[in-house]
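Let me begin by presenting the structure, written as structure tokens, before commenting on it.
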Amino acid sequence: MKLEIVKIGNPLLRKKTRALSRSQLKLKKLQTFLKGMTRAMRHAQGVGLAANQIGLSMRAFVMECRGNRRYPRVDSFPLQAYLNPKIVRYSKAKEGGWEGCLSIPGFRGKVSRSKQVTLAAITSDGRRIQKTFRGFEARVVQHEVDHLNGFFYMDRMDSLKTWTHLEEFNQRFKYEVKDKK
Ligand SMILES: [Zn+2]
């Protein structure tokens, strides 16, 4: 199954996605979608992908970062998939960092996000978990949960003045050292 990533302008990306029911969570098809989403994310060299980005109104996302060329200066984290995710705690402390989006190719913007968040979700093997994320991983979690609620990273930018074309970004900011913690 080849999944296409839908782009900004697609109404699905502005709608809150539907929670997966108990019976949907058990479907084999769901595992197939998660695999397809992982493939699409890797193929596009992304670090996260939400289900509505492949045209499905479903509360699920995948994330992974292993030596990513699009994000050279960030910490790695393993492949994870979360179903019916909800952020239950945001740290008051925030930090700025660059974000891009596979549904808005060719741009980056600087977004202030909580340094630490706690996610309540169901894992792909059906376990109910609560997990705390920090740094870049916490940023990706916030970006993906935003997608599932119909938001883009630009909605979270303090100002659109840092919104940057990728060509300019690669020349000027790609290897910028992270904001001080
Ligand atoms: Zn995105």
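Nearest 500 deg cm²/dmol is fine: what mean residue ellipticity at 222 nm does the chain get from its DSSP H runs of n ≥ 4 alone, each adding -39,500 (n - 2.57), divided by its residue count?
Taking each H run of at least 4 residues, the total per residue is -7000 deg cm²/dmol.
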Which listed pairs, of LYS94/LYS161; LYS92/LYS131; LYS26/LYS131; LYS92/LYS174; LYS86/LYS115; LYS115/LYS161, have C-alpha distances above 24 Å, in listed order: LYS92/LYS174
Binned Cα-Cα distance frequencies in the range 106-158 - 10 Å width, integer %: 23, 50, 22, 5
The range 73-117: trypsin sites (Lys or Arg not before Pro) in DSSP coil with no more than 15 other Cβ atoms inside 10 Å: ARG73, LYS92
Principal semi-axes in Å for the range 132-181 [√(5λ), Cα gyration tensor, largest first]: 21, 16, 10
Average Cα contact separation per residue, the chain, under 8 Å, 6 or more apart, as relative contact order %: 23 percent
Relative packing of peptides 135-147, 119-131 - highest average C-beta neighbours within 10 Å first: 135-147, 119-131
Kirkwood-type radius of the chain, with distances r between different C-alpha atoms, in Å: 16.5 Å
Cα centroid separation - the range 116-181 against the range 60-79, whole Å: 11 Å
Rounded to whole Hz, the Karplus (6.51, -1.76, 1.60) HN-Hα couplings of the range 116-121, x for glycine and proline: 9, 9, 10, 10, 9, 6
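Bear in mind that the values in this text are calculations on the coordinates, not laboratory data. From a predicted model like this one, the values you see are computed outputs, not experimental measurements. Positions of Cβ are backbone-derived with ideal geometry, glycine not excepted, and every protein chain shown enters the neighbour counts.
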